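Below is one structure, written out as structure tokens, with a few remarks after it.
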Amino acid sequence: MQIIVDKISKLYYIRLHVMSEQELINRCIQKDFLAWGEFVRRYSGLVYWAIEHRLKKWDYFYHHQDVEEIHQNVFLSLWKKNKLEQVKDQKKVAGWIVIVSGNEAIDYFRHEKSQVPPNAISIFEEIIQKDGAITLADILPSNKKDDSAANEPDEIGKILEAGINSLSAKEKLILKLNTLYNKKYREIAEMLDMPLGSVATSIKNIKSRLKKRLRGQI
Amino acid sequence: MKKIDKLIRFKLAQEAKYAGLGPAAGCPSDSELNRYLSGDTVQSKKALIEGHLAECYLCLDKLVSSYEGEKLLAKRKIKEPPKYITWKVKNIERLNNKISIKNRVDFTLNNKALPPKTNKLLTTEKAVIKWLPKNLKKNRWLIASITAFALSFAFPPVFLQFLLAAGILGGKWIFDSENARTLIMIYNAWKKGGEKEAGEMIGALKGRIPNKK
């Protein structure tokens, strides 16, 4: 009898392994303990990654124990507060889990460590430091690097700002993903659910329009 | 990187730096963002979210992170956390409350809080036993045999294999039943010690059949 029960248990585990995300979520909401075990198996690593990713990106100083604590908090809130109800009708939940884990990390630092979120994401700071160090004057062609061009960077900045503000919301979004986050065309297309060709054309158009505005300045 | 790209990047990073990362009133909910990422948003809502994402660095960062996480998970490139961390959250209901840092350290150092290996199995057993109705359990071999027999017609190329499986499972059902097992025991006793032994066995087994001496 014991062997049979073991075999059936194994079969049930196999079934859980191949279960769709939606079904798994529904079972977790119904407090199926075995389904919960499978849910944890699938997403424990992702939650851990998401916490570390957010903390690193937002330049928090953290310890390994903080990550553990946050990891536990995330799963506690999913199980006890039934947060999974929010995504019970969604096809994919991995993205949502990443967001929830990141939020939990920030909340933890706000409440337990009394640390407010930073003003900027560290990668932006790096860009400013790196690109700012070379300054706009370095980017300018050599014939512009005379004393009369002392106000050039400001002027260029203003023109560029006006140019960026004239873009449509979607264009601005594409531009940010491409330049700030270094996302490839394919990745942007996947993220925004757009054809690859449209993304490529958009980026080309945006840059040529901005170039036109800056013509004569760089 | 081209000059123009560097300029744009610098300008946008500057803008992002001064924009701050606090949540704004119009921020879409986390589930809405996820729905957007899954391509499961209606067109009108999509435009609204895109309009917001173009201005809000917090939401844009969430979107990018969730995309990256999803991709890593799909490619199985995410490193598993230490096992005891996963174990703790798996057994969240049993633990009832959060494990304090002190206990966690004890756990890590002594490994005393590790559940016995059988714990997981016991939970599984209970769930499975609850899951299977009584009759289904009793006649599982018969059901398996009938299923194999039915499948032999469904898949003609493997007709014989399924038929054989049906036979084996049927045989298992017959010999697994209580009466069959009793008969086998009596037969073995008879073989060993003749009628007397068999009689004793019958009496001992059931206490119903009188022992003929």
Candidate set from region A:94-112 (those that are within 15 Å of residue A:68 (Cα to Cα) and either charged (D, E, K, R) or surrounded by fewer than 17 Cβ atoms within 10 Å (Cβ to Cβ) (or both)); member that is modelled with the highest pLDDT: A:104
Pair list, Cβ < 7 Å and 6+ apart or interchain, from region A:172-185 residues that are on the phi < 0 side of the Ramachandran plot to residues that are part of a loop (DSSP other than H, G, I, E, B): A:175/A:167; A:177/A:183
Can you tell me which of A:55, A:24 is in contact (Cβ under 8 Å) with a residue 40 or more places away in the chain, more than 11 Å from chain B (Cβ to nearest Cβ) and part of a helix (DSSP H, G or I)? A:55
Over 16 Å from residue A:179 (Cα atoms), more than 7 Å from chain A (Cβ to nearest Cβ) and not charged (D, E, K, R): does that describe residue B:48? yes
Output the qualifying pairs, or none if there are none: Cβ atoms under 8 angstrom, residues six or more apart or on different chains, first residue in region A:81-101 and at the interface with chain B (Cβ under 7 Å from one of its Cβ atoms), second residue part of a loop (DSSP other than H, G, I, E, B) and not hydroxyl-bearing (Ser, Thr, Tyr). A:87/A:93; A:90/B:40; A:91/B:40; A:96/A:90
Within region A:168-199, count every residue that is crowded, with 16+ Cβ neighbours inside 10 Å and over 19 Å from residue B:39 (Cα atoms). 7
Which one of B:70, B:80 is in a helix (DSSP H, G or I) and among the acidic types (Asp, Glu)? B:70
Out of A:34, A:46, A:76, A:16, sole residue that is at the interface with chain B (Cβ under 7 Å from one of its Cβ atoms) and over 26 Å from the mean Cα position of the chain (by Cα): A:34
When restricted to B:62, B:88, the only residue crowded, with 16+ Cβ neighbours inside 10 Å, in contact with a Leu (Cβ under 8 Å, 6 or more places away or on another chain), of a type in the set (D, E, K, R) and at pLDDT below 90 is B:88
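Run down A:15, A:42 and say which single residue is surrounded by fewer than 19 Cβ atoms within 10 Å (Cβ to Cβ) and more than 30 Å from residue A:109 (Cβ to Cβ).
Working: A:42 fails: more than 30 Å from residue A:109 (Cβ to Cβ).
Answer to the selection: A:15.
The values are calculated or read from the model by the stated rules, or taken from the named source; none is laboratory data. In this text, all values refer to a predicted model and were calculated from it rather than measured experimentally. Note that each Cβ is placed from the backbone with ideal geometry, even for glycine, and that neighbours are counted across all protein chains shown.
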